[in-house]
Amino acid sequence: MTTQSTFTVLLLTMLVTTPTLADQLLCVSASTDKQLVLYDVDLPSGSLKLREKVALKGAPGSQCISPDGNRLYVSIRSLDSVAVFEIHHKQRKLEYLATTNITANAAYISLDRTGKTLLWASYSSGVVGSYHIQPNGQLGSAISRIQTARCAHAILTDPSNRYVFAPHTGPNAVYQFHFSPTDGKLTPNKPAFVRPADGLEPRHLAFHPTLPIVYCDDEAGASVTAYHFNRDTGTLAPFQTVSTLPPDFSENNSCADIEITADGRFVYASNRGHNSVAGFAVAPKDGTLTSIGQAATGDTPRSFNLSPDGTLLVAAGQASHDLHSYHRDMNSGKLNRRSQLPTGKGPAWVQFIPLR
């Protein structure tokens with residue numbers, strides 16, 4: 001075989017075996033349309049291509065993925081339920097498994113680090129709780145149900161899986177719990193909550209991957225507050241609050257979502273009003289934040305998500321019913337818009353689904 005023929009065969013082989021799309025799906029909760037909207041994601045270009053719409057019986061909200069990456073959990077808020085889907089990686093699709101009524105409108109759901117317990121927080125009821133996850137991935141029996149206060153907005157375990165934190169906007173407090181990984185039980189810590197400065201109203205939270213620090217975005221404060229995290233007692237103490245807005249912006253604004261990069265170098269939070277995603281550089285020694293500016297989004301960016309490799313951020317405009325993707329500069333943390341496209345109405349959650 002000639003050198004030219006060999007080159008041609010190698011080129012054809014690469015074209016046949018190399019996937020045209022990166023190994024990612026994006027799932028959007030279109031709450032008004034009562035559906036999940038799935039997109040193929042091309043990470044290098046930041047482009048999104050509509051793949052499928054999954055009809056639901058109620059309005060979807062918060063999503064989370066099992067630690068093994070095989071199941072997607074979705075809060076069906078209008079039905080006080082949680083739906084479970086099997087993720088078929090090779091087929092790039094979701095298979096509906098079951099819906100369980102948890103008797104609460106869950107604004108936020110998450111799984112513990114083992115994937116054996118589902119945690120939920122109900123904004124409208126001011127209640128948090130936990131549920132067993134069965135071996136088949138479906139929800140089993142209820143474990144804990146604890147009345148806290150109005151406007152419970154998120155709930156997550158810490159990296160050690162021994163503590164749980166639940167920010168509440170109404171009482172301006174982050175509730176603190178002991179968590180038992182063996183049986184999924186929640187027990188109030190002492191003190192039961194920590195309060196930041198008046199008027200901030202913590203909404204969502206993110207744990208630094210290595211430092212003992214937790215970051216909360218403040219809904220009313222249009223800010224991010226950093227907390228020292230005592231890993232022995234499972235308690236928080238606020239030590240810094242920084243604005244998510246440029247100095248010359250004086251109109252109404254409320255923060256919604258927050259995420260931290262896997263390397264812990266950057267934090268991002270969404271602004272509803274200024275309609276942007278604010279970025280912050282994280283000091284490697286003490287975890288303090290310094291603003292790196294804002295990237296414009298659609299109207300009312302309630303939810304956004306970072307790709308697992310950290311190269312892409314996708315934000316949803318809840319009022320403009322669209323998605324905006326951004327390439328993230330890995331050195332500066334700056335966001336550069338790559339694409340914009342319409343999505344289902346009332347997008348309330350954005351979730352990357354890694355495929356293998």
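Once backbone amide H atoms are built at 1.01 Å from N, residue 173 has 168 as its partners under 5 Å, excluding neighbours fewer than 5 places away on the same chain. For 116, 190, the sequence from fewest to most other C-beta atoms within 10 Å is 190, 116.
Among the listed pairs 53/90; 49/90; 90/345; 53/185; 285/334, a Cα-Cα separation exceeding 26 Å is found for 90/345; 53/185. Length available on full extension from residue 262 to residue 53: 0.36 nm per residue minus the Cα-Cα distance, which gives 72.3 nm. Across the range 53-70, coupling constants 3J(HN,Hα) worked out from phi with the 6.51/-1.76/1.60 Karplus curve, θ = phi - 60°, read 10, 10, 6, 10, 8, x, 7, x, x, 4, 10, 7, 10, 5, x, 7, x, 9 Hz, and Gly and Pro carry x. Each part reduced to its alpha carbon centroid, the range 37-100 and the range 173-208 end up 27 Å apart.
Simple point charges give the picture: +1 on the Cβ of Lys and Arg, -1 on the Cβ of Asp and Glu, and for the range 26-132 a dipole about the Cα centre of about 120 debye. Taking a virtual spin label 7 Å from the Cα of residue 96 along the C-beta vector, which residues in the range 106-148 bring their backbone nitrogen under 20 Å of it? Inside the label zone: 106, 136-140. Maximal additional length on extending the residue 251-residue 220 stretch stands at 9.9 nm, based on 0.36 nm per residue less the C-alpha distance. Simple point charges give the picture: +1 on the Cβ of Lys and Arg, -1 on the Cβ of Asp and Glu, and for the chain a dipole about the Cα centre of about 600 debye. As a rough footprinting exposure proxy, the listed residues 302, 337, 231 were ranked by other beta carbons within 10 Å of their own, and the order from fewest upward is 231, 337, 302.
Taking amide hydrogens as placed 1.01 Å from N in the peptide plane, the amide H of residue 111 sits under 5 Å from those of 119, each at least 5 positions away in sequence or on another chain. When the range 24-354 is described by a simple charge dipole with +1 on each Lys and Arg Cβ and -1 on each Asp and Glu Cβ, the residue from 119, 38, 91 located farthest towards its positive end is 91. A simple rule links phi to the HN-Hα coupling: the Karplus curve 6.51 cos²θ - 1.76 cosθ + 1.60 with θ = phi - 60°, which for the range 73-80 gives 10, 10, 6, 9, 5, 6, 10, 6 Hz, with x for Gly and Pro.
A short reminder: the numbers here are calculations on the coordinates, not readings from a lab. Quantities reported herein were computed from a predicted structural model and do not represent experimental measurements. Ideal geometry is used to build each Cβ from the backbone, glycine not excepted, and the neighbour counts take in all protein chains shown.
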